[in-house]
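Novice: My questions will all concern the structure given below.
The values are calculated or read from the model by the stated rules, or taken from the named source; none is laboratory data. Being a predicted model, the structure only gives us computed values, none of them experimental. All Cβ positions, even for glycine, are placed from backbone atoms using ideal geometry, and neighbour counts span all protein chains on display. Note: areas computed on protein heavy atoms with side chains; ligands, DNA, RNA excluded. Shrake-Rupley method; radii C 1.70, N 1.55, O 1.52, S 1.80 Å.
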Amino acid sequence: MINYDSQNKIFYLNAKNTTYAIGLTDSGLVAHLYWGKRVNFVPKADPNRFGGHSYSAFDYGDYCSNTVPQEYPAFGNADFRIPAVRVSSKLGHHVKLQYKDYEIVDGKPKIPGLPATYVEESAEAQTLKLYLSDDVQQIEVVLYYTVFENFDAIARHTEIKNLGEAMELNGAMSACVDFYGLPESRLITLDGNWANERVVTDRKIVSGNQNVESRCGVSSAYHNPFMAVCDEKATETAGNVYGFSLVYSGDFTAGVELDSYRSARAYIGINPFEFTCRLETGDVFATPEAVLVYSAEGFGAMSRTYHDLYRTRLCRGKYRDTERFALINNWEATYFDFNEEKIVAIAEKAATIGVDTMVLDDGWFGKRLSDNAGLGDWVENPDRLPNGLKGLAEKVNACGMRFGLWFEPEMVNPDSDLHRAHPDWIIHTENRNRSLMRNQSTLDLSRKDVCDYIIDAVSSVLRKANIQYVKWDMNRYMTEVGSALLPAERAGEVKHRYMLGLYRVLETITTQFPDVLFESCASGGSRFDPGMLHYMPQTWTSDDSDAEERLKIQYGTSMVYPYSSMGAHVSACPNHQIGRTTSFEMRCNVALPGQFGFAPDLNRCTEKALEIAQEKIKQYRALGPVFHSGDCYRLKSPFETDWSVVQFVSKDQKTAVVCVNSAKATCNAPDEFVALRGLKHDATYCIDGTPFDSEYLMNTGIHLRNGRENQSFIMVLELV
Ligand code: DGJ
């Protein structure tokens with residue numbers, strides 16, 4: 001997988017069908033030579049090739065670092081572009097990195113304290129470690145590249161070690177790729193807001209810096225920690241696409257700076273905007289991991305690589321490979337207005353149609369009668385739950401269902417016993433207003449004592465009753481960021497320390513309770529990122545559960561994340577977020593490929609709706625393995641057409657499922673054909689008993705009748 005050509009000083013990193021090449025110059029610069037389709041060899045680093053002119057500063061021998069494509073650029077020499085690493089110390093703020101050494105190891109080392117992709121056998125991957133240093137600034141930088149044998153993916157992260165006196169790290173990217181002489185290209189990002197997450201934004205890369213970033217302490221609904229650089233004409237099925245995804249749940253930046261030589265520096269990492277880290281002598285800072293995926297066949301193939309890698313080598317635990325739960329959650333059925341009797345009634349009805357898990361959402365604890373009070377006090381409210389969680393869980397179990405529970409452990413209401421006892425346990429800055437969001441503050445997880453409290457509080461509830469599923473919610477961004485335990489001038493450390501604290505909490509709790517299925521949530525999908533998926537294999541995709549809206553949200557989410565990671569429920573109707581009325585069947589069909597569940601109180605549904613629900617649960621059980629471990633093909637985009645057509649094909653190509661939904665209709669419009677993908681060649685597939693030639697299906701396709709609104713059906717193809 002990794003070879004070093006010592007004569008030409010080139011490292012070849014060969015993933016499944018991809019080559020990534022790194023060259024060393026005699027002057028110690030680490031140059032980026034190539035990333036793309038597999039090649040046998042590439043030209044070595046050469047001053048004639050990498051430009052420079054009479055006004056260039058040749059800071060690395062014959063090379064001017066301003067025009068050399070690099071692997072990990074620094075600032076303070078001749079390179080004026082955005083740097084990957086910034087420090088400040090008594091020795092100044094300049095960094096000049098020189099290559100020192102390399103090491104190639106089998107497998108993939110862990111990143112201490114941070115989520116990351118992993119291997120199960122060391123033969124699955126190899127890792128290159130490049131050692132660089134700046135002897136003046138007294139730092140050592142280690143660049144890690146893991147190449148996966150079975151995926152077109154390269155995982156990168158960086159370690160920075162302080163060899164001198166105390167210093168500040170002011171920024172450290174996880175990965176940087178200099179595309180040398182980029183042709184006309186586009187940048188794709190996933191952007192949005194609460195209840196409108198991961199809208200695909202597609203823009204031309206123009207001169208200057210274009211980036212997306214989070215500054216709110218959470219990966220956020222505003223932008224996802226992902227970007228793709230692609231050919232000007234790249235489509236779902238064709239063109240070079242280069243994906244960058246960050247395994248991190250806090251502030252990030254992802255962008256491309258195009259210079260006047262059409263060299264484009266792509267970078268991704270922790271956002272340096274409000275970040276510092278004090279490094280004492282000998283301290284090492286590890287960046288989060290960036291996962292780089294190359295596809296020569298458009299966005300679809302890029303997404304399928306992310307899906308497979310994240311599903312099998314990022315997610316962990318008992319539920320990684322198993323079919324999960326079909327649940328009902330009481331939030332939209334009752335909001336805060338519930339008691340044991342109501343929850344049991346919902347469970348009893350749901351059990352009759354085959355729902356297997358009853359999840360009790362917000363409001364079961366402390367004085368949590370509304371969102372004004374109680375967060376932080378994780379003790380049952382006896383008025384609502386006279387028999388406690390244990391008693392309720394037993395009643396739910398008696399219906400033949402699992403019992404699941406909502407928590408929001410990272411947050412506290414000022415009106416709570418926890419806040420009254422520990423007002424300094426929240427993120428705040430002295431002498432500043434403590435802004436509330438949804439009437440709550442963020443607990444300061446940069447503190448060990450606060451993290452230990454959360455571990456204890458959640459664990460003791462989980463030990464109290466037979467709780468088999470947890471929805472781990474988080475409903476605000478961070479403001480006035482500071483910690484009572486850090487001096488104000490070090491407040492820039494708090495957000496990253498928070499993430500390290502959160503990851504320790506999640507690691508501890510999920511390890512202690514391996515049989516519990518955890519789902520993360522953040523006002524819906526405000527923290528739908530690879531970092532959270534490492535601990536919890538599914539995320540509540542959005543608080544907007546309107547079927548038509550969800551088609552877009554799920555489509556955008558699937559650019560990076562597999563359907564197996566998307567919590568998707570049948571919404572109440574008219575929909576609570578936008579008031580739309582959609583057929584029960586369509587609501588089911590839209591939710592079906594995700595992690596399926598129900599929001600409405602089924603006691604209030606019609607007999608017809610219950611019949612459909614029962615049928616859909618059966619279908620979910622039958623087709624779940626195809627949705628959740630098959631290959632996903634996006635055939636028609638709801639962003640670009642009135643249709644959403646998504647196809648799933650089992651890995652053995654024996655079963656394919658096509659999910660078709662339409663929103664609008666035009667009277668008397670011509671019919672359409674949608675060509676399927678990923679079927680076995682020269683084979684026959686049956687649809688409802690009728691045989692079809694796979695080549696016909698992949699060339700002409702399936703027939704869609706235009707002219708009717710809200711069409712929704714699931715087509716199953718079986719190989720004959
Ligand atoms: C936000 C979540 O996204 C909702 O599903 C629900 O759990 C509420 N929080 C409860 O407060």
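Novice: Any chance you could give the angle, 0 to 90 degrees and rounded to 10, that helix 494-512 forms with the longest Cα principal axis of the chain?
Specialist: 50 degrees
Novice: Follow-up. Relative to the longest principal axis of the chain, what angle (0 to 90°, nearest 10) does the C-alpha long axis of helix 340-352 take?
Specialist: Between helix and principal axis, roughly 90 degrees.
Novice: What distance in nm separates the two pseudo spin-label positions at K664 and S54, each 7 Å out from Cα along the beta-carbon direction?
Specialist: Going from the K664 label point to the S54 one covers 6.0 nm.
Novice: Taking a temperature of 25 °C and a viscosity of 0.890 mPa s, what whole-number D in µm²/s does Stokes-Einstein yield for segment 648-694 with Rh from Kirkwood over alpha carbon pairs?
Specialist: On the way: Rh = 12.9 Å.
Taking Rh from Cα pairs, D becomes 191 µm²/s.
Novice: Moving on. Taking 0.36 nm per residue of sequence separation and subtracting the Cα-Cα distance, how much length would be gained by fully extending the chain between D62 and K9, in nm to one decimal? Display every interim value, and only then the final one.
Specialist: Numbers: separation 53, 0.36 × 53 = 19.08 nm, distance 1.62 nm.
Full extension of this stretch gives 17.5 nm more.
Novice: Please find the FRET efficiency linking K680 to Q512, where r is the Cβ-Cβ separation and R0 is fixed at 35 Å, and quote it to the nearest 0.05. The partial results should precede the final answer.
Specialist: Values: r = 45 Å, r/R0 = 1.27.
Computed FRET efficiency for K680 and Q512 comes out at 0.20.
Novice: At 7 Å along Cα-to-Cβ for each site, give me the label-to-label distance between L163 and E672 in nm.
Specialist: Taking the simple label geometry, L163 and E672 are separated by 6.0 nm.
Novice: Dipole magnitude of the chain about its Cα centre, charges +1 at Lys/Arg Cβ and -1 at Asp/Glu Cβ only, in debye to the nearest 20? Walk me through the numbers on the way to the answer.
Specialist: Details: 73 positive and 94 negative charges, 73 e Å.
Dipole about the Cα centre, nearest 20: 360 debye.
Novice: Let me ask something additional. Starting from the Cα coordinates of the chain, work out the convex hull volume and express it per residue in Å³. All intermediate terms of the calculation are to be shown ahead of the outcome.
Specialist: Details: hull volume 114.4 nm³, N = 720.
Convex hull of Cα atoms, per residue: 159 Å³.
Novice: Still on this model: Helix-only estimate, please: 222 nm mean residue ellipticity of the chain, summing -39500 (n - 2.57) across DSSP H runs of length 4 or more and dividing by its residues, to the nearest 500.
Specialist: Working: 12 runs with 139 residues, N = 720.
Roughly -6000 deg cm²/dmol at 222 nm, from the helical runs in the chain.
Novice: Please grab the % of Cα pairs in segment 114-181 that end up more than 13 Å from each other. Could the numbers behind the result be given before it?
Specialist: On the way: 1629 of 2278 pairs.
Looking at segment 114-181, the distances longer than 13 Å represent 72 percent of pairs.
Novice: Going by average Cβ density within 10 Å per residue, which order do the peptides 583-590, 605-612, 710-717 take, highest to lowest? Provide the component values of the computation, followed by the final result.
Specialist: Values: 583-590: 22.1, 605-612: 14.5, 710-717: 17.5.
In decreasing order of mean packing, 583-590, 605-612, 710-717 become 583-590, 710-717, 605-612.
Novice: Same structure, new question: Compute log10 of I(q)/I(0) for segment 280-325 with the Debye formula, placing one identical point scatterer on every Cα and leaving out solvent, at q = 0.21, 0.22 Å⁻¹, to two decimals.
Specialist: For segment 280-325, the Cα-only Debye profile gives -0.81, -0.84.
Novice: Right, something else. Kindly give the semi-axes, whole Å and largest first, of the ellipsoid equivalent to segment 537-655, taking each as the square root of 5 times a Cα gyration tensor eigenvalue.
Specialist: Numbers: eigenvalues 102, 60, 31 Å².
Each semi-axis is the square root of five times an eigenvalue, giving 23, 17, 13 Å.
Novice: While we're looking at this one, here's another question. For the pair N17 and V379, what calculated FRET efficiency results from E = 1/(1 + (r/R0)^6), where r is the Cβ-Cβ distance and R0 = 60 Å, to the nearest 0.05? Please report the intermediate quantities before stating the final value.
Specialist: On the way: r = 55 Å, r/R0 = 0.91.
Efficiency, from the Cβ-Cβ distance: 0.65.
Novice: Measure off 7 Å from each Cα along the Cα-to-Cβ vector at N397 and R621, then give the distance between these two points in nanometres to one decimal.
Specialist: 2.2 nm
Novice: Continuing with this model, one more query. PRE reach from R432 (point 7 Å along Cα→Cβ): which of segment 229-264 fall under 16 Å by backbone N?
Specialist: Once the point is set 7 Å along Cα→Cβ of R432, 251 turn out to lie under 16 Å by backbone N, inside segment 229-264.
Novice: For segment 637-720, what is the accessible area per residue in Å², given a 1.4 Å probe and the full set of protein chains? Don't jump to the answer; show the numbers that get you there.
Specialist: Values: 4290 Å² over 84 residues.
That works out to 51 Å² for each residue.
Novice: Which whole number of Å³ per residue matches the convex hull of the alpha-carbon atoms in segment 364-428?
Specialist: Looking at segment 364-428, the number lands at 85 Å³ per residue.
Novice: Separate question: Would you list E274, E71 from the most to the least accessible area, probe 1.4 Å?
Specialist: Values: E274 75, E71 0 Å².
The ordering from most to least exposed comes out as E274, E71.
Novice: Let me ask something additional. Which shape class applies to segment 15-158: rounded if a/c is under 1.5, otherwise prolate when a/b exceeds b/c and oblate if not, where a ≥ b ≥ c are the square roots of the Cα gyration tensor eigenvalues? Display every interim value, and only then the final one.
Specialist: Details: a/c = 2.50, a/b = 1.39, b/c = 1.80.
The shape class here is oblate.
Novice: Classify segment 521-591 from the C-alpha gyration tensor, please: rounded if a/c falls under 1.5, else prolate or oblate depending on whether a/b exceeds b/c. Please list the in-between numbers first.
Specialist: Details: a/c = 2.38, a/b = 1.93, b/c = 1.24.
Here segment 521-591 falls in the prolate category.
Novice: Work out the FRET efficiency for H93 and N209 from their Cβ-Cβ distance, taking R0 = 22 Å, and round it to the nearest 0.05. Show your work: numbers first, answer last.
Specialist: On the way: r = 20 Å, r/R0 = 0.91.
With a Förster radius of 22 Å, E is 0.65.
Novice: Here's another thing I want to ask about it. Using 0.36 nm per residue, how much length does the chain from T352 to T641 gain when fully extended, once their Cα-Cα distance is taken away? Kindly include the intermediate steps, with their values, before the conclusion.
Specialist: On the way: separation 289, 0.36 × 289 = 104.04 nm, distance 3.83 nm.
Extending this stretch completely gives an extra 100.2 nm.
Novice: Quick check for me: using +1 on Lys/Arg Cβ and -1 on Asp/Glu Cβ, what's the dipole size of segment 76-158 about its Cα centre, in debye to the nearest 20?
Specialist: On the way: 9 positive and 12 negative charges, 118 e Å.
Here segment 76-158 has a charge dipole of around 560 debye.
Novice: Between E149 and N339, what length in nm is gained on full extension when 0.36 nm per residue of separation is reduced by their alpha carbon distance?
Specialist: 63.1 nm
Novice: Right, next: Can you send over the solvent-accessible area of D59, 1.4 Å probe, protein chains only, in Å² to the nearest 10?
Specialist: The accessible area comes out at roughly 30 Å².
Novice: Let me make sure I get this right: for segment 289-442, a, b and c are the square roots of the gyration tensor eigenvalues over alpha carbons, sorted descending. Under 1.5 in a/c it's rounded, otherwise prolate if a/b > b/c, else oblate. Which is it?
Specialist: oblate
Novice: Also, I was wondering about something else. What is the mean projected area of the alpha carbon convex hull for segment 543-584, to one decimal in square nanometres? Let's see the in-between values first.
Specialist: Numbers: hull surface 11.5 nm².
For segment 543-584, the mean projected area of the Cα convex hull comes to 2.9 nm².
Novice: Additional query: Principal axis lengths of segment 567-720 from Cα atoms, whole Å, largest first?
Specialist: So the extents along the principal axes, rounded to whole Å, are 49, 37, 26.
Novice: For segment 209-269, report the % of Cα-Cα distances exceeding 20 Å.
Specialist: Working: 618 of 1830 pairs.
Tail fraction, whole percent: 34.
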